[in-house]
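Peer 1: I have a structure here, written as structure tokens, and I will follow up with some questions on it.
The values are calculated or read from the model by the stated rules, or taken from the named source; none is laboratory data. None of these values were measured; they are calculated from a predicted model. Using ideal geometry, Cβ is built from the backbone for each residue, glycine included, and neighbour counts are taken over all protein chains shown.
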């Protein structure tokens, strides 16, 4: 445990850099590191898969979708988006945090922004699918009030599906 004095930045160190949450297009340069990292994560856990080809950039554009990144000093640390599934339901996709920046609450920051934006866009339900080899994602979503539902797409045989009502 730090005392108050030890926890404060020292005067000869630069002040803390602030995180920036930005809405971006999926084809924005800030998203490239996120997609590359997510692709590596999938490859490590599942082998060669083509999951990143299953969503077009325009699906994440308002009014039907959105994409956010969290950056710090120009480095993309985390991000995610949603796209329309039905008139009242959207699907959260591409939520990822850089391995070197996990356990800082960044995924929660992204999910908070996505849920607020989805509610403002008129969605009443948020759905998502994650893989069985991602127990940390399952724990994260369940801890945020998402509950298991039957698979809603035919792309996956072993995915886990979740949803949460908004509001």
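Let's see how each residue does on (1) closer than 21 Å to residue 109 by Cα; (2) at pLDDT below 90:
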| site | (1), (2) |
| --- | --- |
| 4 | no, yes |
| 9 | no, yes |
| 12 | no, yes |
| 17 | yes, yes |
| 20 | yes, no |
| 31 | yes, no |
| 40 | no, yes |
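Peer 1: Return yes or no: is residue 165 more than 18 Å from residue 96 (Cα to Cα) and either buried (at least 18 other Cβ atoms within 10 Å of the Cβ) or in contact with a helix residue (DSSP H, G or I) (Cβ under 9 Å, 6 or more places away or on another chain) (or both)?
Peer 2: The answer is no for residue 165.
Peer 1: Would you please name the residue that is nearest to residue 21 (Cα to Cα), looking only at residues in segment 42-84 that are modelled with pLDDT of 90 or more and assigned to a helix (DSSP H, G or I)?
Peer 2: 60
Peer 1: Let me ask something else about it. Which of (1) over 24 Å from residue 36 (Cα atoms); (2) crowded, with 20+ Cβ neighbours inside 10 Å; (3) touching a helix residue (DSSP H, G or I) at 6+ places or on another chain (Cβ under 8 Å) is the odd one out, the single condition residue 128 does not satisfy?
Peer 2: With (1) over 24 Å from residue 36 (Cα atoms); (2) crowded, with 20+ Cβ neighbours inside 10 Å; (3) touching a helix residue (DSSP H, G or I) at 6+ places or on another chain (Cβ under 8 Å) applied to residue 128, the lone miss is (1).
Peer 1: Just wondering, is there one or more residues in segment 82-95 that are closer than 21 Å to residue 109 by Cα and over 15 Å from the mean Cα position of the chain (by Cα)? Steps first, answer last, please.
Peer 2: Kept after step one, since they are closer than 21 Å to residue 109 by Cα, are these residues of segment 82-95: 82-84, 89-95.
After this cut, where a residue has to be over 15 Å from the mean Cα position of the chain (by Cα) as well, the list is 84, 89.
Taking every residue of segment 82-95 in turn, at least one turns out to be closer than 21 Å to residue 109 by Cα and over 15 Å from the mean Cα position of the chain (by Cα).
Peer 1: Follow-up question, since we're still on this one. Would you mind finding the one in 123, 152 that is surrounded by 13 or more Cβ atoms within 10 Å (Cβ to Cβ), in contact (Cβ under 8 Å) with a residue 60 or more places away in the chain and part of a loop (DSSP other than H, G, I, E, B)?
Peer 2: 152
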